[in-house]
Amino acid sequence: VGPEMISPVKTENVVLKNGTTVIDGGTLKEAGFLRCRVVASYEGKEYSGLATAAFSPDAIQSTTNEPEDFWTFWQKAKAEASKIPLDARVRLLPDRCTEKVNVYEVNIQNYKPGTRLFGIVCVPKAPGKYPALLHVPGAGVRGYYGDVNTAEKGVITLQIGIHGVPVTLDASVYNNLSAGALDGYPNYNLDDKDRYYYKRVYLGCVRAVDFIFNLPEFDGNNIVVMGGSQ
């Protein structure tokens, strides 16, 4: 048990009685995250799990200084990207469609001509206007199936990849990219803010929102963005 990403302040070994135990995790005296990680051994195998509690997360202060040109840099980048036609191309994926939802692979033009952003959009079949959910991905290189279950509940869903390659390829393609051309991609051009890998990624997320707002089925107002990791 200890502050997140820091060496634990409390460790102990426990033999469970009746399969359960209670761990006193203590508390934090300042804003931050307190994490408890448990490793259990059973019949020769190890199992692990963790839980994290937030203490005044809205009071956590940044440990770095914001560059003076931070907002002007991104405002300019978004303004320039907005001038590029979306050039949206959609392809129906019949094997993924359901009685209630149409599923499409979509690719749109990203922040400059010739760069593409790929994803899976799921749209309810019933006529009407719907809220939307944009899934932004965690780190890694992989394909995507689309959030069909949420779409069946009456929500347009868009799940995007960030690497400029189709998201419906064989898994071996992503494995090869991960081990080869995209190995270590978070550090690509890290010393150049205009060529840094994530500039294209972040602007691609903005372009994905633009795509949703151009869908005739979108209600034009209610949109949620969710994701984790990177």
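For the subset of region 5-27 comprising residues that are over 29 Å from the mean Cα position of the chain (by Cα) and surrounded by 10 or more Cβ atoms within 10 Å (Cβ to Cβ), which member is farthest from ALA59 (Cα to Cα)?
VAL14
Let me spell it out: the conditions are (1) assigned by TED's automatic domain parsing to the domain that holds TYR202; (2) part of a loop (DSSP other than H, G, I, E, B), and ASN13 meets all of them except one. Which number is the exception?
Every condition holds for ASN13 apart from (1).
In region 139-166, what residues are surrounded by 15 or more Cβ atoms within 10 Å (Cβ to Cβ) and either without any contact (Cβ under 8 Å) to a residue 12 or more places away in the chain or among the hydroxyl-bearing types (Ser, Thr, Tyr) (or both)?
TYR144, THR150, THR157
Could you list, in sequence order, all residues of region 65-105 that are under 15 Å from THR168 (Cβ atoms) and of a type in the set (A, V, I, L, M, F, W, C)?
Answer for region 65-105, where residues must be under 15 Å from THR168 (Cβ atoms) and of a type in the set (A, V, I, L, M, F, W, C): VAL90, LEU92, LEU93, CYS97, VAL103.
Here are some conditions: (1) charged (D, E, K, R); (2) surrounded by 13 or more Cβ atoms within 10 Å (Cβ to Cβ); (3) assigned to a strand (DSSP E or B). LYS78 meets all but one. Which one does it not meet?
Here LYS78 clears every test but (3).
Got at least one residue in region 54-66 being farther than 30 Å from LEU28 by Cβ and part of a loop (DSSP other than H, G, I, E, B)? Outline the logic, then answer.
The initial filter retains those residues of region 54-66 that are farther than 30 Å from LEU28 by Cβ, namely none.
The answer is no; no qualifying residue exists.
Give me the pairs: first residue in region 38-62 and in contact (Cβ under 8 Å) with a residue 40 or more places away in the chain and β-branched (Val, Ile, Thr), second residue surrounded by 10 or more Cβ atoms within 10 Å (Cβ to Cβ) and outside any strand (DSSP E or B), beta-carbon distance under 8 Å, and six or more apart or on different chains, which are they?
As it stands, the answer is THR52/GLU4, since those pairs meet every condition given.
Say whether the condition of being under 23 Å from VAL224 (Cα atoms), crowded, with 16+ Cβ neighbours inside 10 Å and either in the same structural domain as VAL206 (by TED's automatic domain parsing) or of a type in the set (S, T, N, Q) (or both) is met by at least one residue in region 167-180. First the steps, then the outcome.
To start, the set of residues in region 167-180 that are under 23 Å from VAL224 (Cα atoms) comprises 167.
Those left that are additionally crowded, with 16+ Cβ neighbours inside 10 Å: 167.
Keeping just the survivors that are either in the same structural domain as VAL206 (by TED's automatic domain parsing) or of a type in the set (S, T, N, Q) (or both) gives 167.
Yes, that holds for at least one residue.
Cβ-Cβ distance below 8 Å, separation of 6 or more or different chains: which pairs start in region 78-92 with a residue that is assigned by TED's automatic domain parsing to the domain that holds ASN102 and basic (Lys, Arg) and end on one that is surrounded by 11 or more Cβ atoms within 10 Å (Cβ to Cβ) and at pLDDT 95 or above?
The qualifying pairs are LYS78/LEU203; LYS78/VAL206; ARG89/VAL106; ARG89/ASN107; ARG89/ILE108; ARG91/TYR104; ARG91/GLU105; ARG91/VAL106.
Hey, any hits in region 112-128 for a residue that's part of a loop (DSSP other than H, G, I, E, B) and of a type in the set (S, T, N, Q)? Outline the logic, then answer.
Applying the first criterion (part of a loop (DSSP other than H, G, I, E, B)) to region 112-128 yields 112-115, 125-128.
Adding the requirement that they be of a type in the set (S, T, N, Q) leaves 115.
Yes.
For region 13-21, does any single residue satisfy the condition of being touching a helix residue (DSSP H, G or I) at 6+ places or on another chain (Cβ under 6 Å) and either at negative phi or not basic (Lys, Arg) (or both)?
no
Does GLY204 satisfy the condition of being at positive phi, small (Gly, Ala, Ser) and in the same structural domain as PRO113 (by TED's automatic domain parsing)? Steps first, answer last, please.
On the way: at positive phi: no; small (Gly, Ala, Ser): yes; in the same structural domain as PRO113 (by TED's automatic domain parsing): yes.
No: the conditions fail for GLY204.
The values are calculated or read from the model by the stated rules, or taken from the named source; none is laboratory data. Because the structure is predicted, anything quoted here is derived from the model rather than measured. Here the Cβ is made from the backbone with ideal geometry for all residues, glycine too, and neighbour counts use every protein chain on show.
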